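None of the figures in this text is laboratory data; all of them are computed from the coordinates on show. Worth saying up front: this structure is predicted, and the values here are computed from it rather than measured. Heads up, the Cβs are rebuilt from the backbone with ideal geometry, glycines too, and the neighbour counts pull from every protein chain shown.
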Amino acid sequence: MRVHFTKYNLRFKFDAGTSRGILKEKTSYYVFVEGDSGTIGVGECSLLPGLSIDDRPDYEKQLRQLCNDFQDLNIDDYDSLIRFLDDQLGQDWPSIRMGLETAFLDNKNGGVRRVFINNFFNGKGIPINGLVWMGNKQFMLDQVREKIESGFNCIKVKIGAIDFETELEVLGYVRNQFSERDITLRVDANGAFSKQNVMGKLSRLEKLKIHSIEQPIMPGQWESMHHLCKQSPIPVGLDEELIGAFSYHQKKELIEQIKPQYLILKPSLLGGFSSSGEWIELARSNNIGWWITSALESNIGLNAICQYTSGFDVKMYQGLGTGALFHNNIKSPLMVEEGNILYKKELSWDLSSLQIKGIE
């Protein structure tokens, strides 16, 4: 196999507010795996500044070395690929693992952006939440109205970066018009609350019939998070807490010590599909709910994550609605309609912006 990569900067359509600051653009690397038949698989290595543990100065060096090593070998099946990644990368480069897994599987399935063989590629939709980004009150309210008018039945609001009273007003706007049976409300704090003030804020959020809160306090505080999950009036989901726990033993220990109600799984941050599968296995065996979410990938990565997610025949709302965030996203058959993400086979991919010979 011939393997190479290219770098691409994605530009946000607006200043994307997070608890870690404002994002105007982000970098992705695209890996191409070309087989002897001429089929080309494409995978995305997506980095989130300040969050991805492999956001390091030597990233391109590591990716280039891996591509060189990979094409010198004869790897024919997925299990062999995972062993190769374990040997060459360990667990320190989760987004590279994700990108190479995707490109390899795409190539094996004909190089037509079919990463997993299931009904998503054939048009079966996945229910998703509508994501409301942080910003001033009017900006957030405008997003809420747009999501509801577009047919979303689940709204996820990022909180923790602006005045809490304003955030309550935005959430109250939804709940005053729609009951929890009509609109499911989720919030994501990205670790913005402190151990001292979190329970008071959760008590106020409870009155708005919030479905769940993601990562209310910063990760790494297992004892505090355990007590929070036990005492919170709102179910707690772990997000950033999962980053860096790569071995099966680490994952099992984290879940058994914290005992959360939900896991929020981001394959690009957790080490790809094989690693995400271990989290799902542990969640199921411990009666913990879970859903999968994208992490600001372009449509290449989003498509792979959607296809992976569809293999579980999910019923809960997933977090896969980030495809419309970028001015220069990769044109794809992915569409969001009435709160579902779909793959429309009558539409085509256009990877010409990546300027790679042989890619259409």
Of the GluC sites (Glu not before Pro) in the range 310-349, which ones lie in a loop per DSSP and count no more than 12 other C-beta atoms within 10 Å? Glu338, Glu346
Reachable aspartates and glutamates, given that their alpha-carbon falls under 12 Å from the alpha-carbon of Lys13 and they are not under 8 places away in the same chain: Glu25
Arranged from highest to lowest average of other beta-carbon atoms within 10 Å per residue, in what order do the peptides 224-231, 178-185 appear? 224-231, 178-185
Which of Thr102, Thr39 has the fewest Cβ neighbours within 10 Å, and the rest in rising order: Thr39, Thr102
With every atom except the alpha carbons ignored, what do you get for Rg and Dmax of the range 304-346, in angstroms? 11.0, 31
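Taking Rh as the Kirkwood radius, which is the inverse of the mean 1/r over Cα pairs, what is the Rg/Rh value for the range 170-261?
My calculation of the ratio gives 1.02.
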Summing -39500 (n - 2.57) over every DSSP H run of at least 4 residues in the chain and dividing by its residue count gives a helix-only mean residue ellipticity at 222 nm, to the nearest 500 deg cm²/dmol, of -11000 deg cm²/dmol
Highest to lowest packing among 25-37, 42-54, scored as the average C-beta count within 10 Å: 42-54, 25-37
Env charge @ Asn328, Cβ radius under 11 Å, K,R +1 / D,E -1, value +2
Taking H as built 1.01 Å from N, whose amide H comes closer than 5 Å to the amide H of Asp188, not counting residues under 5 places away? Val157, Lys158, Ile159, Glu214
Which net charge results when you count Lys and Arg as +1 and Asp and Glu as -1 among the other residues whose beta-carbon is under 11 Å from that of Phe12? +2
Select from Val42, Phe32, Tyr8 the residue farthest towards the positive end of the dipole of the range 2-114; place +1 on Cβ of Lys and Arg, -1 on Cβ of Asp and Glu, and compute about the Cα centre. Tyr8
Taking the Cα atoms of the range 40-115, what is the range of coordinates along each of the three principal axes, in descending order and whole Å? 35, 24, 18
Checking rank on 132-143, 302-313, 75-86, with mean other Cβ inside 10 Å and highest first, the result is 302-313, 132-143, 75-86
Using DSSP to define loop residues, name the trypsin sites (Lys or Arg not before Pro) in the range 252-360 whose beta-carbon has at most 16 other beta-carbon atoms within 10 Å. Lys315, Lys344, Lys345, Lys357
Go ahead and run the numbers for FRET between Gln221 and Tyr173, Cβ-Cβ distance against an R0 of 45 Å, rounding to 0.05. 0.90
As a quick test, which of the pairs Lys124/Lys252; Lys147/Lys195; Lys158/Lys259; Lys137/Lys201; Lys195/Lys315 have an alpha carbon distance above 26 angstrom in this structure? Lys124/Lys252; Lys147/Lys195; Lys195/Lys315
Which three semi-axes in whole Å describe the equivalent ellipsoid of the chain, each the square root of 5 times a Cα gyration tensor eigenvalue, listed largest first? 34, 23, 18
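Do you know the relative contact order of the chain, to the nearest whole percent, from alpha carbon pairs under 8 angstrom that are 6+ apart?
This gives 20 percent for the chain.
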What FRET efficiency do you get for Lys195 and Gln261 if R0 is 22 Å and r is their Cβ-Cβ distance, rounded to the nearest 0.05? 0.75
